[in-house]
1. First check a/c for the stretch 265-314, with a ≥ b ≥ c the square roots of the eigenvalues of its C-alpha gyration tensor; if it is under 1.5, answer rounded, and if not, answer prolate when a/b is larger than b/c or oblate otherwise.
2. Under the Karplus relation 6.51 cos²θ - 1.76 cosθ + 1.60, θ = phi - 60°, what is the ordered set of whole-Hz ³J(HN,Hα) values for the stretch 511-523, x standing for Gly and Pro?
3. Restricted to Cα positions, what overall size does the chain have along the principal axes? Three whole-Å values, descending.
4. Between 265, 283, 298, whose Cα lies farthest towards the positive end of the dipole of the chain when Lys and Arg beta carbons carry +1 and Asp and Glu beta carbons carry -1, centred on the Cα centre?
5. Where the centre of each part is set by its Cα atoms, how far does the stretch 239-298 sit from the stretch 378-424, in angstrom?
6. Taking only C-alpha pairs under 8 Å that are 6+ residues apart, what is the relative contact order of the stretch 510-594 in percent?
7. Longer than 25 Å from Cα to Cα, which of 166/516; 120/517; 442/571; 326/516; 163/478; 166/517 are they? Say none if no pair is.
8. For residue 548, enumerate residues with amide H under 5 Å from its amide H, sequence gap 5+ or separate chain, H modeled in the peptide plane.
Amino acid sequence: MKNHILKTFMAVIAALLSFSCNDEFLDRSPLDKISSESFWNTENDLIVYNNSLYNLARNDNDVPIMMAFDDGFDSHRYGIWHLSGFSDDTAPRHSRHNNYQRVRAGAHTIPGNPFWYGYKGWNFVRAINVGMDNYDKAQVSDEVRNKYIGEARLMRGWFYADKISKFGSAQWVESEVGVDDEDILNGSRDDRDFVMNKVLEDLNFATTHIPDDWGDGNAPGRLNRWAALLVKSRVALFEGTWRKYHGLNDADTWLQVAADAALELMNDGPYSIFNNGDPASCYNAMHRTEDIAGNPEVIYWRRYERGIFTNHAQSYHRGYNGGATKSMVEDYLCTDGLPITTSPLYMGDEVYENIFENRDPRLRQTVLHPDDQPIYNYGNHAFEANAYPRIQGMTGGQRVYTGYHIIKVFNSASAYASYNSSQTPAISMRLAEALLNYAEAKADLGTLTQGDLDISINLLRDRVGMPHLDINVDMDPKYAGDGISAVLVEIRRERRVELFMEGFRYDDLRRWKQGKKLEGKDYGMRWDAANRARVDPEGRVTVLSGMVDGVEYLEIYKGTDFENPVFDESKHYLWPLPLSAISQNPNLEQNPGW
């Protein structure tokens, strides 16, 4: 029945909107049928129309806002987990993930057509604006109408914020574009200030008019007001920190918006930090479950169901993520709350298992400890069949390139399921992000207090039994050259650890103007003679190694086109526009340095 309803719904929307496969404004079909008196009359018409916006937003490649997984084959390359491949958190080596590797290494060039998650998806904006031109026709109260206008404006503002984050400027369009609209079709991009002020107008309207609860039992359906507040906080934090560290104006204005939106969600929203009472499993349990319904921390997620909408994300991810990097693993604190650079509890990495000793429990819940293979059925085999870690080139079990096997999201049943039959849900937004946004915004504003840390960062640490962050924390020598306070170093570290593989790290480095961190090579586990003899006595490993401070480690991209990463600060903070867009409209102009 559900499948029949979905097909019927899609047929209705197809009749209403004949969207073109080309995303440019010029390439579209007439919309005269949409203005028919048979539509735009009732609240149900508004619901049906906005449902079509959600359907368009399921294409994460074209509309990378409510990130989850694409369905079927495309879930191998587009999805929230894969975004870490742009950064120094994971090290994908599979050829299907070359685009992630290229960007991470600074080897990307001007694309002929829009790049993954790039300058496209404009049919989504067009669909929103068609709605905006017609919502007023419905015979409903302003309160009802504004719920759906708010929903559409939230999506539009969010979409444009993503484009500004990647390209720096864009054409702002807020009504249906016709063939005679030469000022738009051949117009230049609007500047960042103008577009972002429009974005904020959209987000303010959304957080004012979208209901707290749509009456759907917090199912993965419509974006509620709390989700809108988190989007507002996320967008404003990006904008505020970009402006602060890239030398633009009005940084504090945006940072205050970020802090205020996050605090409203934290104080007034119905969400709380998930806790099963076991610091050794709680963090992992939240991410591995296939039943998100009822989780008090999750604000928005995408459901998949057999026969309707499925994915193959687990299977692709286990083979393509490459493993966590040495840089990522070393950022986890020790159980005394100190970094490995200063803690007497750190036992070093000479023995693989020692990496996990006396460390933040989230490390062992993110990266596989060899003894935990039976807990996860990692590799889909009996414990005694294969020992871990297992490196690419070895036989048997599940191999990775770094030696650090990711189990944060690993679910054996889905990871080894038949093709495209997985129902693995995707968490797009959760309360933890709001806590992190709040602490960071306050720190960047210079108004952070110990009380602010206690209602944000320290709630996340309580979940895993870690010591509280003190506002007078000592500087980690590793980050002394970053030009920020010691407490902000720790807030950023907490963000990296807590939100690992949730799509933030690459954007975080760009907004902090820390792109030079991407010039560091990606390494894996220690690969000295003792570890080679223990892990790979037959010498089958094909990953090459390199020296770090006189010690040998797996060097993930050695011998590949991405061996020597670069980050050109004159151009790499923004992406280039595709040639196809500029050829259609030269007034868009290319980004600096490209």
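1. On the way: a/c = 3.18, a/b = 1.45, b/c = 2.19.
It comes out oblate by the Cα gyration axes.
2. Each residue of the stretch 511-523 in turn: 6, 7, 6, 10, x, 5, 5, 7, 7, x, 5, 8, 10 Hz.
3. Principal-axis extents of the Cα atoms in the chain, largest first: 76, 52, 49 Å.
4. Positive-end residue among those listed: 283.
5. Centre-to-centre (Cα) distance: 30 Å.
6. Numbers: 87 pairs, mean separation 26.0, N = 85.
Computed over the stretch 510-594, the figure is 31 percent.
7. Working: 166/516 17 Å; 120/517 28 Å; 442/571 29 Å; 326/516 17 Å; 163/478 33 Å; 166/517 18 Å.
Flagged as over cut-off: 120/517; 442/571; 163/478.
8. Correct list: 553.
The values are calculated or read from the model by the stated rules, or taken from the named source; none is laboratory data. These figures come from a predicted structure and were not determined experimentally. Note: ideal-geometry Cβ built from the backbone for every residue, glycine included; neighbour counts use all protein chains shown. Just so you know, the surface numbers come from the protein's heavy atoms only, side chains and all, with ligands and any DNA or RNA stripped out. Shrake-Rupley method; radii C 1.70, N 1.55, O 1.52, S 1.80 Å.
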